[in-house]
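Participant: Before I ask anything, here is the structure I am working with.
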Amino acid sequence: MRPIEPIHRAGQWFLRSGIQEQGGGVARYHRSDLGRNAPVSNEITGYSVSTLLYLAARTGNPDYQTAAQRAGHYLVKHAWDSEARTFPFEPASNGSRLAYFFDCGIIVRGLTALAKVDGGNGAASAACAAAHSMARVFAAPTGWHPVLSLPACAPLPYEPRWSRQPGCYQLKSALAWLETGDSSSYEAALEFAFADEAGFLPGALEPERVMDRLHPYCYFLEGLLPVADRPEATRTLVSGIKRVECLLREIAPAFARSDVYAQLLRVRLFADALGAVPLDEAAAAEEAAAIPTFQVASDDPRTDGCFSFGRRLGELMPYANPVSTAFCLQAMEMWNDHRENRFTSDWRTLI
């Protein structure tokens, strides 16, 4: 298995940049203009487990699995709140006493992936406990509360921000239930997501805020992949891909997020491979060409190889972002697989 150079550089950034602390936790991002990391994030650590295991499988480099195991150990032994039976937003030492539904699903997916390659580390039992807790403590009259205060697990009042309201974007997090055997909870999330999605875009008047909403809307499209063969899901994938494409291209000259390019390309490839939406080769190629332009080349190991969060008026923003890097490296790898006729449609590989 050969490393493709941009993918290899992105992977090495995870290993060598200091974005992962010695204890295993991963920072939310690195600010290159300030020269410092944001605090460790449990959600970003969960994403990183999935990313590092993906890199280990693609490259055969055992260092990635070792780093994934460190991140998993941190989540199981240090991040888990045994009293509240959930994962807080950030470690308690950072003063955070909130838990997000979305974050918990991402962490569960990372731990589930880790359990498949390292069954003796407690990842499987922690993933199942967290998934069960998600269905119970976040339950709302319609959908799931996005944020709880700990340790009482009391829902916070909803706010206009998408991340502080229930919404269709939560469907990606609901994939955690499918991966831990709770299909009924996923189906309930699916029903709620279909009811919510029509009003999610554009969702704002300001173009920059619309761009920010394309990211969670792509989460919704990703969450549809396990049921892409169902007529309602197929119709929604067709229309949703087109909506994201049009808004992305309209707003990108002023502000573009790298993760939206990567998410859209990944959804296109999966939807095509699953027989739901034939691939628009020209549009996909345009997105594939845009993604590498967000990768940073630097003499500073804290940023070299990462993907920037985005570009404003043609200039890369000073955020070396683990999730952006994860999505972009996977999108590039999947695009290469597509061109070489070896792309596989297992949605569980989606970071």
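Participant: Got a sec to turn the phi values of the stretch 184-195 into Karplus ³J(HN,Hα) couplings, 6.51 cos²θ - 1.76 cosθ + 1.60 with θ = phi - 60°, whole Hz, x for Gly and Pro?
Facilitator: 5, 5, 4, 4, 5, 5, 4, 4, 5, 5, 4, 5
Participant: Using alpha carbons only, how many angstrom separate the centre of the stretch 89-159 from the centre of the stretch 316-351?
Facilitator: Between the Cα centre of the stretch 89-159 and that of the stretch 316-351, the gap is 25 Å.
Participant: What nm distance separates the two modelled labels at Asp337 and Arg164, each placed 7 Å from Cα along Cα→Cβ?
Facilitator: 3.8 nm
Participant: Run the quick spin-label model on Ala285 and Arg31: label points 7 Å from Cα toward the beta carbon, then report their separation in nm to one decimal.
Facilitator: Those two pseudo-labels are separated by 4.2 nm.
Participant: Once phi is turned into ³J(HN,Hα) by the Karplus curve 6.51 cos²θ - 1.76 cosθ + 1.60 with θ = phi - 60°, what whole-Hz value does each residue of the stretch 226-239 show in order, with x for glycine and proline?
Facilitator: Values, residue by residue: x, 10, 4, 7, 6, x, 5, 5, 4, 4, 5, 5, 4, 5 Hz.
Participant: From the Cα gyration tensor of the chain, with a ≥ b ≥ c the square roots of its eigenvalues, which class applies: rounded if a/c is under 1.5, or else prolate if a/b is larger than b/c, or else oblate?
Facilitator: Details: a/c = 1.29, a/b = 1.05, b/c = 1.22.
Rounded is the answer for the chain, as its axis ratio a/c remains below 1.5.
Participant: Let me ask something else about it. Heavy atoms of the protein only, probe of 1.4 Å, neighbouring chains included. What is the accessible area of Ile107 in Å², nearest 10?
Facilitator: Taking all protein chains as shown, Ile107 has close to 0 Å².
Participant: Under a 5 Å amide H to amide H cut-off, with H placed in plane at 1.01 Å, what residues pair with Leu350 once short-range neighbours are removed?
Facilitator: Long-range HN contacts for Leu350: none found.
Participant: Now, a different point. How much length is gained on full extension from Lys242 to Thr349, taking 0.36 nm per residue of separation minus their Cα-Cα distance?
Facilitator: Details: separation 107, 0.36 × 107 = 38.52 nm, distance 2.36 nm.
Extending this stretch completely gives an extra 36.2 nm.
Participant: Further question on the same structure: Which of the three applies to the stretch 1-142, rounded, prolate or oblate, going by the alpha-carbon gyration tensor with a ≥ b ≥ c and a/c under 1.5 meaning rounded?
Facilitator: In terms of gyration-tensor shape, oblate.
Participant: Also, quick follow-up: Given R₀ = 25 Å, FRET efficiency for Asp63-Ala297 by Cβ-Cβ distance, to 0.05? Before the final figure, lay out the partial values.
Facilitator: Numbers: r = 22 Å, r/R0 = 0.88.
After rounding to 0.05, the efficiency reads 0.70.
Participant: To continue, here is another question. Sorting Thr59, Thr45 by accessible area (1.4 Å probe), largest first, what list results?
Facilitator: On the way: Thr59 30, Thr45 0 Å².
Of Thr59, Thr45, the descending order of accessible area is Thr59, Thr45.
Participant: What shape does the stretch 243-351 take by its C-alpha gyration tensor, where a ≥ b ≥ c are the square roots of the eigenvalues and a/c under 1.5 counts as rounded, a/b above b/c as prolate, and the rest as oblate? Mind dumping the intermediate values first?
Facilitator: Values: a/c = 2.29, a/b = 1.45, b/c = 1.58.
Cα axes put the stretch 243-351 in the oblate bin.
Participant: When only Cα pairs under 8 Å and 6 or more residues apart are kept, what is the percent relative contact order across the chain?
Facilitator: Numbers: 622 pairs, mean separation 61.4, N = 351.
Relative contact order, the chain: 17 percent.
Participant: Calculate, in nm to one decimal, what Ala204 and Asp229 gain on full extension: separation in residues at 0.36 nm each, minus their alpha carbon distance.
Facilitator: Value of the extension gain: 5.9 nm.
Participant: With no solvent and one point per C-alpha, what does the Debye sum give as log10 I(q)/I(0) for the stretch 109-161 at q = 0.17, 0.28, 0.29 Å⁻¹?
Facilitator: Calculated log10 I(q)/I(0) at the listed q: -0.65, -1.01, -1.04.
Participant: A further question on this structure: Mind ranking 24-34, 109-119, 297-307 by how tightly packed they are, going by the mean number of other C-beta atoms within 10 angstrom, highest first?
Facilitator: Per-residue mean Cβ counts within 10 Å order the peptides as 109-119, 24-34, 297-307.
Participant: Averaging over every viewing direction, what projected area does the convex hull of the Cα atoms of the stretch 171-292 cover, in nm²? Write down the numbers at each step before the final one.
Facilitator: Details: hull surface 29.6 nm².
Value for the stretch 171-292: 7.4 nm².
The values are calculated or read from the model by the stated rules, or taken from the named source; none is laboratory data. These numbers come from a predicted model, not from an experiment. Please note: Cβ atoms are built from the backbone with ideal geometry, for glycine as well, and neighbour counts cover all protein chains shown. Keep in mind that these areas ignore ligands, DNA and RNA; they rest on the heavy atoms of the full protein, side chains included. Shrake-Rupley method; radii C 1.70, N 1.55, O 1.52, S 1.80 Å.
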